[in-house]
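Please read the structure below before turning to the comments.
The values are calculated or read from the model by the stated rules, or taken from the named source; none is laboratory data. Everything numeric here is computed off the predicted structure, so don't read it as measured data. Using ideal geometry, Cβ is built from the backbone for each residue, glycine included, and neighbour counts are taken over all protein chains shown. All accessible areas refer to the heavy atoms of the entire protein, side chains included, with ligands and DNA or RNA removed. Shrake-Rupley method; radii C 1.70, N 1.55, O 1.52, S 1.80 Å.
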Amino acid sequence: MTSSASSPAPAASVLDLAPVVPVVVLEDAADAVPLARALVAGGLPAIEVTLRTPAALAAIEAIAAEVPDAVVGAGTVISVRNVADTVAAGARFLVSPGWTERLLDAMKASGVPFLPGVSTTSEVVALLERGVTEMKFFPAEAAGGTAYLKSLAPPLPQARFCPTGGISPASAPSYLALPNVGCVGGSWMLPADAVAAKDWARVERLASEAAALRG
């Protein structure tokens, strides 16, 4: 389904919406709306729904239609078809674990903000050549963590990142303290047992704690 003309405008920069972007994997699209409402109530409006399950597109569409204060995006975008399908479902930003020229072209043409994934300096420089300054650093902990990102800031100050992958409430403040980090991605505010039990009050509480994280 194509988004209606009355849909909210795309986010100007995903990196500036909140210190943490929840990375959501949903098995049941029926959980999408109450989960999104809990995250928004906790202060985390940017929500990345990953394309790792068959429920993902329906979940994005439901959040886009029923949770107006959420800025729902699509994660694990790895193909041109993914770009088209998720934007049609209402995604307001796109996140990829990596990128190719073809995928980057499709994301740039989509009309919504996007965070292509990088884990090396050469990938960052290649994106800067293409006019892209906001990126996902993935997998953050495995790819060098805060020490790696800190070393990129002096030679590449124009690049800004959303590190994702292995980040916890304990490590998030160290990332957020870096000048080239706008936000971090994580799923610790969505423990599997809480989602399975539909304990949205617990999700909201954990989201509130995440929203309070600052470097």
Query raised in the report: Which residue out of Val80, Val125 is out of contact with any strand residue (DSSP E or B) (no Cβ under 8 Å at 6 or more places or on another chain), aliphatic (A, V, I, L, M), open to solvent by 40 Å² or more (accessible area, probe 1.4 Å) and closer than 24 Å to Pro155 by Cα?
Result: Val125
**Report entry** Residue selected from segment 1-19 under the condition of a type in the set (A, V, I, L, M, F, W, C) and modelled with pLDDT under 50, by the criterion surrounded by the fewest Cβ atoms within 10 Å (Cβ to Cβ)
**Finding:** Ala5
Query - Single condition Leu35 does not satisfy, out of (1) among the hydrophobic types (A, V, I, L, M, F, W, C); (2) in contact with an Asp or Glu (Cβ under 6 Å, 6 or more places away or on another chain); (3) more than 16 Å from Gly90 (Cα to Cα) - result: (2)
Query - Subset tally (residues that are in contact with a helix residue (DSSP H, G or I) (Cβ under 7 Å, 6 or more places away or on another chain) and surrounded by fewer than 18 Cβ atoms within 10 Å (Cβ to Cβ)) for segment 59-77 - result: 2
Report summary line: If we keep only residues of segment 135-159 that are charged (D, E, K, R) and either in contact with a His (Cβ under 8 Å, 6 or more places away or on another chain) or over 13 Å from Pro179 (Cα atoms) (or both), then the residue surrounded by the fewest Cβ atoms within 10 Å (Cβ to Cβ) is Glu141
Query raised in the report: Taking the condition under 18 Å from Glu204 (Cα atoms), hydrophobic (A, V, I, L, M, F, W, C) and touching a residue at least 40 places away in the same chain (Cβ under 8 Å), does Ala46 pass?
Result: yes
Query raised in the report: Can we say Thr120 is of a type in the set (S, T, N, Q), at pLDDT 95 or above and more than 25 Å from Leu104 (Cβ to Cβ)?
Result: no
Query raised in the report: Is it the case that some residue within segment 80-93 is assigned to a helix (DSSP H, G or I), β-branched (Val, Ile, Thr), farther than 24 Å from Asp193 by Cβ and under 11 Å from the mean Cα position of the chain (by Cα)?
Result: no
Report task. State which residue pairs qualify: first residue without any contact (Cβ under 8 Å) to a residue 40 or more places away in the chain and inside segment 92-104, second residue assigned to a strand (DSSP E or B) and of a type in the set (A, V, I, L, M, F, W, C) in any location, beta carbons under 8 Å apart, and separation of 6 or more residues or different chains. Result -> Leu94/Ala74; Leu94/Phe114; Leu94/Leu115; Trp99/Val118
Query raised in the report: Taking into account only those residues within segment 167-185 that are surrounded by fewer than 24 Cβ atoms within 10 Å (Cβ to Cβ) and touching a residue at least 60 places away in the same chain (Cβ under 8 Å), which is nearest to Ala18 (Cα to Cα)?
Result: Gly182
Query raised in the report: When you go through Ala159, Ala177, Ala170 one by one, which is the residue that is under 18 Å from the mean Cα position of the chain (by Cα) and modelled with pLDDT of 95 or more?
Result: Ala159
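Listed here are the residues, each with its yes/no results for (1) closer than 30 Å to Ala147 by Cβ; (2) without any contact (Cβ under 8 Å) to a residue 60 or more places away in the chain.
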| site | (1), (2) |
| --- | --- |
| Ala30 | no, yes |
| Leu57 | no, yes |
| Ala64 | no, no |
| Thr76 | yes, yes |
| Leu115 | yes, no |
Query raised in the report: Do we have any residue at all in segment 187-200 that's surrounded by 17 or more Cβ atoms within 10 Å (Cβ to Cβ), over 17 Å from Ala38 (Cβ atoms) and in contact (Cβ under 8 Å) with a residue 60 or more places away in the chain?
Result: no
Query raised in the report: Take the residues of segment 20-39 that are over 14 Å from the mean Cα position of the chain (by Cα) and surrounded by 21 or more Cβ atoms within 10 Å (Cβ to Cβ): which is nearest to Gly98 (Cα to Cα)?
Result: Leu26
